[in-house]
């Protein structure tokens, strides 16, 4: 996807230009990069770093640290800033309960000494960048048909929350529909999931898909299954639950991970129907790459196709798993370049 180069091989002329600061900010990690745009919408990642958000007092502090550490790459400073972030802008702030700090746009502008700041939803950026992904480099979860390059492409995935967006190919530019589909009400698919829903309903007035399909959601599911099985919930992090489930060393974690993948398949199928995803569906998000083999052998496909009369349509929809990686920063930078100077796909 895109054109990525190491800092050491960037041409001297590119080094002396003022790059764009691009960020992809989720509930757990903030991926920060300096990128160059060649004027035709092609993005080069000059350098990048991933930060653990909770280790810092604010997003502005992270951006300030990154720029100070990379001053040799941008000796003249930055030209503009593009941020892809989980949540939505409301006044001067970004609204999202999963972020470890309040995000103040005016504070970021002050720290960066620029008013040229664009903010988009993180999955909006990932969806826009999906058009640069080489399908051969992604893991095929369901082969489907070849895919209609003119058809909508759904991008979704669990991390600290559950994000989703839709790429609408077209001329002169592709468009992206940002969604909050992760907040759709959870629809159980069997008796176990109904029991889990009952348990989750004790502590919240509304149970969304995100309550299961996210890192915290996997932990919710594990604890609920442990209660139903009369077992002690020994694991305290999503990573630990995932690792124990994959290894098969903890039957409760194994069941929780199976429920997670089944609900993921059902939710993905719902979005593919809702948006007519003839161009395919990408699974992204921070927690899926580590469980790719488990997904392939799970009930994901069973639940994806289990949509009654829509099964023949869904059997034509290819599903890929892609590592989130640079997708967010590339999408943010490309959207930013298109908005500012009218270039890019």
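Any residue in the range 225-244 that is in contact (Cβ under 8 Å) with a residue 12 or more places away in the chain sitting within a Cβ distance under 6 Å of a residue that is part of a loop (DSSP other than H, G, I, E, B)? List the pairs, counting only those 6 or more apart or interchain.
Pairs that qualify, where the first residue is in contact (Cβ under 8 Å) with a residue 12 or more places away in the chain and the partner is part of a loop (DSSP other than H, G, I, E, B), are 226/233; 241/235.
Has the range 181-189 got any residue that is more than 30 Å from residue 151 (Cα to Cα) and touching a residue at least 12 places away in the same chain (Cβ under 8 Å)?
No: zero hits.
Does the range 159-166 include one or more residues that are within 29 Å of residue 305 (Cβ to Cβ), part of a helix (DSSP H, G or I), in contact (Cβ under 8 Å) with a residue 60 or more places away in the chain and within 16 Å of the chain's Cα centre (by Cα)?
no
I'm trying to understand the selection: among the residues of the range 120-145, which are modelled with pLDDT under 90 and assigned to a strand (DSSP E or B)?
120, 121
Checking residue 339 against (1) touching a helix residue (DSSP H, G or I) at 6+ places or on another chain (Cβ under 6 Å); (2) modelled with pLDDT under 95; (3) surrounded by fewer than 21 Cβ atoms within 10 Å (Cβ to Cβ): exactly one of these is not met. Which one?
It is condition (1) that residue 339 fails.
Only one residue in 93, 58 is surrounded by fewer than 20 Cβ atoms within 10 Å (Cβ to Cβ), in contact with a helix residue (DSSP H, G or I) (Cβ under 8 Å, 6 or more places away or on another chain), modelled with pLDDT of 90 or more and under 17 Å from residue 117 (Cα atoms), so which one is that?
The match here is 58.
Report yes if residue 120 is within 27 Å of residue 69 (Cβ to Cβ), crowded, with 20+ Cβ neighbours inside 10 Å and either in the same structural domain as residue 90 (by TED's automatic domain parsing) or over 18 Å from the mean Cα position of the chain (by Cα) (or both), otherwise no. Full working, then the answer.
On the way: within 27 Å of residue 69 (Cβ to Cβ): yes; crowded, with 20+ Cβ neighbours inside 10 Å: yes; either in the same structural domain as residue 90 (by TED's automatic domain parsing) or over 18 Å from the mean Cα position of the chain (by Cα) (or both): yes.
Judged against the criteria, residue 120 is a match.
Are any residues in the range 209-238 in contact with a strand residue (DSSP E or B) (Cβ under 8 Å, 6 or more places away or on another chain) and over 20 Å from residue 189 (Cβ atoms), and if so, which ones?
215
What number of residues within the range 205-224 are in a loop (DSSP other than H, G, I, E, B), touching a helix residue (DSSP H, G or I) at 6+ places or on another chain (Cβ under 7 Å) and free of Cβ contacts under 8 Å to residues at least 24 places away in the same chain?
Of all residues in the range 205-224, those in a loop (DSSP other than H, G, I, E, B) come to 205-207, 212-214.
Filter once more, so that each one left must be touching a helix residue (DSSP H, G or I) at 6+ places or on another chain (Cβ under 7 Å): 207, 212-213.
When the remaining residues are screened for being free of Cβ contacts under 8 Å to residues at least 24 places away in the same chain, the result is 207.
So the count comes out to 1.
The values are calculated or read from the model by the stated rules, or taken from the named source; none is laboratory data. Given the structure is predicted, the values throughout are model-derived calculations rather than measurements. For neighbour counting, all protein chains shown are included, and Cβ atoms are generated from backbone atoms with ideal geometry for every residue, glycine included.
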